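Participant: Sharing a structure here in structure tokens format.
Every number here is computed from the coordinates shown, using simple stated rules; none is lab data. From a predicted model like this one, the values you see are computed outputs, not experimental measurements. With ideal geometry, Cβ positions are generated from the backbone for all residues, glycine too; neighbour counts draw on all protein chains shown.
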Amino acid sequence: MVPVDRRKFFKITGLTLGAGALYRFAPPALGEGGGLMNALGRQNGERPTPFSFVQFSDTHVGFDGPPDPLGTKAFERAVETVNALPEPPDLVLFTGDLTHDSEKPGEHAARMKRFREIAAGLRATRIQCVPGEHDAGLDGGVLFRENFGETYYSFDHRGVHFVALDNVSRGKPAVGPEQLAWLQKDLERFPKSAPIVVFTHRPLFDLKPDWEWFTSDGDRVMSALAPYENVTVLYGHIHREHVHEEGHATHYASRSLIFAFPDPETGAPKKPVAFDPAKPFENLGLRRVRERPPARPGVEPMELTLREYAGTVGIQQLLRKGEES
Amino acid sequence: MKTALRFLAIASVVLATVASVVSAPARADEPRVIPVVAKRFEFEPKEIHVKKGENVVLEVTSQDVTHGLFSRKFGFDEDLAPGKTVRVPIRADEAGPYLILCDHYCGSGHGGMKMTIVVE
Ligand SMILES: [Cu+2]
């Protein structure tokens, strides 16, 4: 039996779905963990209870180019995949670059509308979005706010505190001093053991600054979160999977639903991975995340294929269970 | 005789030129100023060569929209508002190519907007 690390009760674990990321939040019901849940319930006003949620990222609605001639196909497939899950997720979080910007008058607004039409097909009680630089980098978030509301905010769901951070609408990869002050205030009322899920577009650490994979004041965000023992950060932007642990926080990047970027560690240039008609959704997708306390998170990459292009059994194969890591 | 005089004249011109070249670095606090233009979606020039330990100042001007000028190596992160010139000192003691990025989102080609400082 692996010794239980009291602080790791809330670690959210995952599997790649091929079309997004399904996260399962399942706090322990009995024993020491159960006592902790009750104590948290008293402090937070709500006792954490199990639920699952999905992360979608970088759908880039309106993008049209050689790296993905299929446009919104992967996004639409991802919606079907999530709708086919035996248990619909409580929440769907979109971590930015919902749309691809356009300078043609009215076109970006039309793309936001198209995004909302596709997302409206999701069987989920609640959908929450943060902007990416393609949504809000040019107009400071005006169009985003018209369509989705504030660019940063927080809410509580079944005892988990969710924080949406905007690190794009200033044009720069930064959250800025106002938002930092807001974050500090927002976190104040929580006990150190409260489960916190932060979702944002860019990585909050220096993943690859030369590729603009960083947030210049991300260290200040993470130090505001440092006292909290159960922090999960979900982000997009890098169009590939990545897991990073630092302090009490685990950062997960979800794959994109438009095209992939290569691994910068291989020395490859920052160019989209070329489209392969035989495997149109290769390297795209979601990650499914499952809670398995007290083991470490298991992340399982799964293929996403499209029947009419690949002649395979289709998207259901995504649900096949892989090896646990 | 005429030839010798002409030779002397040329020699003194050469000497004068050498002298002026030598005198420049004598004012060691005077950095070399390199003008740089930022426009969607490139910097001009794209590559700048500097010597190890050399003091250089980039004088960067945007010709269209707001761009950014970011480098972890040289420790700067500037906004380049159109029409305004921003002076950025750089100096490196180790050889290498170092990337400078536009980190203020400026449109669809933004991801490729960068320049290289080659320190040799
Ligand atoms: Cu730029």
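Participant: Amide H neighbours of residue A:199 under 5 Å, counting only residues 5+ apart in sequence or on other chains, H built in-plane at 1.01 Å?
Facilitator: Amide H neighbours of residue A:199, under 5 Å, 5+ apart: A:163, A:164, A:165, A:234.
Participant: Okay, next question. Please list, in chain and number order, the residues 5+ apart from residue B:76 or on another chain whose amide H is under 5 Å from its amide H, with Hs placed from the backbone.
Facilitator: B:71
Participant: I need the calculated FRET efficiency for the pair residue A:186 and residue A:275, taking r as the beta carbon distance and R₀ as 35 Å, to the nearest 0.05.
Facilitator: On the way: r = 41 Å, r/R0 = 1.18.
Efficiency computed from Cβ-Cβ geometry: 0.25.
Participant: Please work out the Cα center distance from segment B:71-108 to segment A:50-125, rounded to the nearest Å.
Facilitator: After rounding, the separation between the Cα centres reads 34 Å.
Participant: Something else: With θ set to phi - 60° and the Karplus curve 6.51 cos²θ - 1.76 cosθ + 1.60, what are the ³J(HN,Hα) couplings of segment B:36-51 in order, to the nearest whole Hz, using x for Gly and Pro?
Facilitator: 10, 9, 10, 8, 4, 10, 8, 9, 10, x, 8, 9, 10, 9, 10, 8
Participant: Please compute, for peptide A:210-220, the average count of beta-carbon atoms on other protein chains lying within 10 Å of each residue's beta-carbon. Write out the running numbers ahead of the final one.
Facilitator: Working: counts 9, 4, 10, 0, 3, 0, 5, 0, 0, 0, 0.
Per residue, the number of nearby Cβ atoms from other chains is 3 on average.
Participant: Can you work out the Karplus-derived ³J(HN,Hα) for every residue in segment A:274-279? Use 6.51 cos²θ - 1.76 cosθ + 1.60 with θ = phi - 60°, whole Hz, and x for glycine or proline.
Facilitator: 5, 6, 10, x, 6, 9
Participant: Related question: Peptide A:171-178: average number of partner chain Cβ atoms within 10 Å per residue? Mind showing how you got there, number by number?
Facilitator: Working: counts 10, 8, 7, 2, 0, 0, 0, 0.
The per-residue average across the peptide is 3.
Participant: Give me the one-decimal nm value for the distance between modelled label points at residue A:103 and residue B:94, 7 Å along each residue's Cα-to-Cβ direction.
Facilitator: A separation of 3.9 nm, rounded to one decimal place.
Participant: May I pose another question? Sequence gap at least 6, Cα distance under 8 Å: using those rules, report the relative contact order of segment A:144-229 to the nearest whole percent.
Facilitator: For segment A:144-229, the relative contact order is 28 percent.
Participant: Amide H neighbours of residue B:54 under 5 Å, counting only residues 5+ apart in sequence or on other chains, H built in-plane at 1.01 Å?
Facilitator: Distant-sequence amide H within range of residue B:54: B:92.
Participant: Still on this structure, please answer the following. Strictly over 23 Å apart at the Cα level, which of A:271/B:114; A:172/A:270; A:172/A:192; A:185/B:73 would you flag in this model? Let's see the in-between values first.
Facilitator: Numbers: A:271/B:114 14 Å; A:172/A:270 19 Å; A:172/A:192 31 Å; A:185/B:73 33 Å.
A:172/A:192; A:185/B:73, as the Cα separations exceed 23 Å there.
Participant: With label points built 7 Å along Cα→Cβ from the Cα atoms of residue B:87 and residue B:59, find their separation and express it in nm.
Facilitator: Those two pseudo-labels are separated by 0.9 nm.
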